[in-house]
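The values are calculated or read from the model by the stated rules, or taken from the named source; none is laboratory data. All values reported here derive from a predicted model rather than from experimental measurement. Every residue, glycine as well, gets a Cβ built from its backbone with ideal geometry; the counts of neighbours run over all protein chains shown. Heavy atoms of the whole protein, side chains included, go into the accessibility calculation; ligands, DNA and RNA do not. Shrake-Rupley method; radii C 1.70, N 1.55, O 1.52, S 1.80 Å.
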Amino acid sequence: GYANLSRFYAKLHNLEKDSLKKVRIGYYGDSMIEGDLIVQDIRSSFQDKFGGEGVGFVSIAAVSAGMRGSISHQYAKTWLTQSFVSVKKPKSAFGIDGQVFYTQSTEDWVKYKAQKQRHATRLNNPTLFFGRSDNNSGSVSVRIGKEDIVKNENLVPSELVNTLQVSATTNEALQVAFHSTGNIPFYGFNFDNGRGVHVDNFSARGNSGLPLSVLNPSLMNAFDKELNYDLIILHYGANVLGYGSTNYKWYERSMTKVVENLRQCFPNADILIISTADRSLKI
């Protein structure tokens with residue numbers, strides 16, 4: 001097993017020798033990991049040993065935002081959310097967590113605030129990720145804490161993946177409002193201090209894992225260029241288990257295609273598959 005994760009362990013070894021280096025993990029799963037469950041403990045354990053601050057990538061909107069303890073996350077209810085679990089033909093390709101978001105009002109907004117979990121007590125280098133569009137008139141305004149608007153930034157959606165650091169690291173709440181941003185695909189914000197280990201939670205309720213096969217390799221390569229993944233974890237299975245079913249060869253074949261696609265999406269990352277949890281049935 002160690003041989004199949006050799007690149008990941010080599011990166012951890014290099015990080016032990018040089019604390020300024022970084023290692024990144026993308027943890028994909030279903031509702032088992034919603035609200036940062038499981039993942040937040042893994043993240044904290046890695047950061048205890050190898051360093052690193054911040055919760056990593058957080059989407060624009062999430063059905064589990066209210067239950068997440070590692071970061072406070074609020075957003076306008078007018079956002080259009082398209083997920084690879086429920087939408088077959090999105091307006092543009094799904095982002096790294098299988099979602100893409102669009103504003104539908106003149107001033108949609110998101111708000112994040114760090115909580116008291118260790119290694120996540122500040123919003124580290126808040127950076128917005130958004131996609132390509134022919135709309136060059138969009139902008140964002142930023143509020144820190146209870147202050148008035150502290151920054152206005154124009155958006156330049158010229159690349160497959162574009163980034164904009166909206167503020168410096170802060171202990172205060174961060175609220176970002178979006179203006180005239182119709183047709184610009186948004187993905188989320190990243191919070192990390194640029195060194196140590198960072199673990200992103202990519203949960204999707206009801207997901208079998210099979211929708212990962214539709215992630216666009218070119219777009220994921222652009223994300224990978226910004227975030228540099230060393231390990232991809234797949235934690236699925238509970239949503240395909242059926243009472244009395246014992247043959248899951250079809251699932252094995254389909255997940256093999258998922259892994260083949262992820263190897264194209266993240267060519268420098270090793271892949272770890274976690275077996276499914278038990279599933280109970282009330283009779």
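Out of ASP97, ASP108, which single residue is farther than 27 Å from SER213 by Cα, touching a residue at least 60 places away in the same chain (Cβ under 8 Å), touching a Ser or Thr at 6+ places or on another chain (Cβ under 7 Å) and not polar (S, T, N, Q)?
Sole residue among the options that is farther than 27 Å from SER213 by Cα, touching a residue at least 60 places away in the same chain (Cβ under 8 Å), touching a Ser or Thr at 6+ places or on another chain (Cβ under 7 Å) and not polar (S, T, N, Q): ASP108.
Within the bounds of segment 212-227, is there any residue that is modelled with pLDDT of 95 or more, loosely packed, with under 13 Cβ neighbours inside 10 Å, closer than 27 Å to TYR2 by Cα and not hydrophobic (A, V, I, L, M, F, W, C)? So far as segment 212-227 goes, yes, one or more of its residues are modelled with pLDDT of 95 or more, loosely packed, with under 13 Cβ neighbours inside 10 Å, closer than 27 Å to TYR2 by Cα and not hydrophobic (A, V, I, L, M, F, W, C).
Determine which member of the set LEU20, LEU15 is assigned to a helix (DSSP H, G or I), aliphatic (A, V, I, L, M), on the phi < 0 side of the Ramachandran plot and surrounded by fewer than 23 Cβ atoms within 10 Å (Cβ to Cβ). Don't jump to the end; show me each part of the working.
Numbers: LEU20 fails: assigned to a helix (DSSP H, G or I).
Being assigned to a helix (DSSP H, G or I), aliphatic (A, V, I, L, M), on the phi < 0 side of the Ramachandran plot and surrounded by fewer than 23 Cβ atoms within 10 Å (Cβ to Cβ) holds for just one of LEU20, LEU15, which is LEU15.
Pull up segment 24-45, narrow it to residues that are over 18 Å from ALA61 (Cβ atoms) and of a type in the set (S, T, N, Q), then point me to the one that is least open to solvent (accessible area, probe 1.4 Å). Once the filter is applied, the top-ranked residue is SER44. If you check VAL110 against the conditions, is it touching an Asp or Glu at 6+ places or on another chain (Cβ under 7 Å) and within 16 Å of ILE60 (Cβ to Cβ)? No: the conditions fail for VAL110. Checked against the criteria, ASN152 counts as open to solvent by 70 Å² or more (accessible area, probe 1.4 Å) and not in a loop (DSSP other than H, G, I, E, B). Taken over segment 244-270, the criterion of being in contact with a helix residue (DSSP H, G or I) (Cβ under 6 Å, 6 or more places away or on another chain) and either surrounded by 15 or more Cβ atoms within 10 Å (Cβ to Cβ) or basic (Lys, Arg) (or both) is satisfied by SER254, LYS257, VAL258, ASN261, CYS265, PHE266, ASP270.
In the set ILE271, ILE283, only one residue is of a type in the set (Val, Ile, Thr) and closer than 29 Å to ASN190 by Cα; that residue is ILE271. Scanning segment 46-76 for residues that are open to solvent by less than 10 Å² (accessible area, probe 1.4 Å) and either touching a Pro at 6+ places or on another chain (Cβ under 8 Å) or in a strand (DSSP E or B) (or both) gives GLY56, PHE57, VAL58, ILE71. Among the residues of segment 86-138, none is identified as farther than 21 Å from VAL161 by Cβ, surrounded by fewer than 17 Cβ atoms within 10 Å (Cβ to Cβ) and of a type in the set (A, V, I, L, M).
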